[in-house]
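Here is the structure we will look at.
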Amino acid sequence: MTTTVTIKSPATIANLGPGFDIFALALERPFDVFKICLNESRSVGIKITGKCDSLPTVAEQNTAGLAALRFFERIGRPAGVDIEIVKSMPIGSGLGSSAASASAAVFGLNKLLGTGLTDLEMIEIASQGEVASGGTPTPTTSPAASSAALSSSGATSRSTSIRIEAPPASIVVGVQRKSQTTTRGLIADRFSLAQVKEQMSWCSALVHAVLTQDIKKIGRAISRDHISEPARSRSIPGYEDLKRRAMNEGRSASTSAAADRPSSPSARRAAPKRSIRP
């Protein structure tokens, strides 16, 4: 039986456009590399190199380590693993580095132990690993766990994940590192029916635009967000001016989106192929 696997887990942009906790992108780069090796000690060991910034190596405090522990609990099979993480992504930047770690741990263990978990089952377990970073399970592991697509999730039910290929486009991401663990608390928990209806209409428009491979309509839909962007963009100095300039210079879209911390992606027609997924 194979006892070691090396995995590349990508950066992600969650909460994309009108799809707060629904839509996200898995990016080609940056990414972190994970060497996952089974051990006979029935313990979970964590080693971190690269841009680690004093990340915790205690399993219960590390998203990869906690996800591994939850994985073993789920399959009801005692085992141990050593996880070496080579960090290239900056932490606290809204690029989903913690989700990448949790997803890689679960994906790698599923491969090594041949447990045959589905994508949705792996996403569910990996999201439990996010507790080590944000204090609560989050859906931001979906794009990292299943690499690039359009997906939906719910707070009170199991996630569903739908993969849809997007037309070729280049993504420009402005990263801002923030001091707070999460910016979710900035977003109101009650909205008017009119606001919800408009948000739902733009979510539908984005799905249709991706299905029809229409980059202009994708950009138009991504640029509309009445729930997350108004709250989170306030912590980005000069955001409104930046967005106006991006659109005036021919970008197809500009929005504030992140894995719980604001980053500002803008898109324009171009080169490498991406997919929309969370």
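The values are calculated or read from the model by the stated rules, or taken from the named source; none is laboratory data. From a predicted model like this one, the values you see are computed outputs, not experimental measurements. Note that each Cβ is placed from the backbone with ideal geometry, even for glycine, and that neighbours are counted across all protein chains shown.
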Quick one: would you say V207 is modelled with pLDDT of 75 or more, among the aliphatic types (A, V, I, L, M) and either surrounded by fewer than 16 Cβ atoms within 10 Å (Cβ to Cβ) or outside any loop (DSSP other than H, G, I, E, B) (or both)?
yes
Answer yes if at least one residue in region 6-14 is touching a residue at least 40 places away in the same chain (Cβ under 8 Å), more than 20 Å from I123 (Cβ to Cβ) and crowded, with 24+ Cβ neighbours inside 10 Å, and no otherwise.
no
Of the residues in region 15-47 that are within 28 Å of L113 (Cβ to Cβ) and touching a Pro at 6+ places or on another chain (Cβ under 9 Å), the one that is surrounded by the most Cβ atoms within 10 Å (Cβ to Cβ) is A24
Taking region 230-253 as the search range and keeping residues that are surrounded by fewer than 24 Cβ atoms within 10 Å (Cβ to Cβ) and under 19 Å from Q199 (Cβ atoms), which one is modelled with the highest pLDDT?
P230
Can you tell me which residue is farthest from G116 (Cα to Cα) among those in region 50-88 that are assigned to a helix (DSSP H, G or I) and of a type in the set (D, E, K, R)?
E60
Could you tell me whether S97 is touching a residue at least 40 places away in the same chain (Cβ under 8 Å) and of a type in the set (S, T, N, Q)?
yes
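This table checks each residue for (1) assigned to a strand (DSSP E or B); (2) touching a strand residue (DSSP E or B) at 6+ places or on another chain (Cβ under 6 Å).
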{"residue": "P18", "(1), (2)": "no, no"}
{"residue": "L25", "(1), (2)": "yes, yes"}
{"residue": "R29", "(1), (2)": "yes, no"}
{"residue": "I36", "(1), (2)": "yes, yes"}
{"residue": "S41", "(1), (2)": "no, yes"}
Which of the numbered conditions does P78 fail, given that it passes all the others? Conditions: (1) more than 16 Å from E130 (Cα to Cα); (2) in contact (Cβ under 8 Å) with a residue 60 or more places away in the chain.
(2)
